[in-house]
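Asker: I have a structure here, written as structure tokens, and I will follow up with some questions on it.
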Amino acid sequence: MGLIVLFLVAIGGMVYGLFKAVKAVPNLTTKQFILFLLLLAAGLVVIGILLP
């Protein structure tokens, strides 16, 4: 039960972070945008490793 609550909190945090990131993207410099894409790619790789 505790793991489910922790998982829901993590998903909520990711959704909130993605919402904040989408609002900030139009104001980013090129270097910040590339860093954002690298972090997004790293997050997707981690999710891809954890899902199977």
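Taken together, the values in this text are just the output of simple stated rules run on the coordinates, not laboratory data. Everything quoted here is computed from the prediction, not taken from an experiment. All Cβ positions, even for glycine, are placed from backbone atoms using ideal geometry, and neighbour counts span all protein chains on display.
Asker: Under the rule of -39500 (n - 2.57) per DSSP H run of 4 or more residues, summed and divided by the residues of the chain, what mean residue ellipticity at 222 nm is obtained, to the nearest 500 deg cm²/dmol?
Answerer: Values: 2 runs with 44 residues, N = 52.
The helix contribution divided over the chain gives -29500 deg cm²/dmol.
Asker: Mind listing which trypsin sites (Lys or Arg not before Pro) in the chain are in a DSSP loop and have 10 or fewer other Cβ atoms within 10 Å?
Answerer: On the way: sites: Lys20, Lys23, Lys31; in loops: none.
Those that pass, being in a loop and sparsely packed, number zero.
Asker: Further question on the same structure: In degrees between 0 and 90, to the nearest 10, how far off the longest principal axis of the chain does helix 30-50 point, with axes built from Cα atoms?
Answerer: The angle comes out at about 20 degrees.
Asker: May I pose another question? Over 10 Å intervals from 0, what percent of Cα-Cα pairs in the chain sits in each interval?
Answerer: 21, 44, 26, 8, 0
Asker: On C-alpha positions alone, give me the angle between the axis of helix 2-24 and the longest principal axis of the chain, in degrees, nearest 10.
Answerer: Result, in degrees: 10.
Asker: Now for a separate question. Which residues in segment 1-32 have a backbone N closer than 20 Å to a point placed 7 Å from the Cα of Ile47 along the Cα-to-Cβ line?
Answerer: Counting backbone N atoms under 20 Å from the label point, the list is 4-26.
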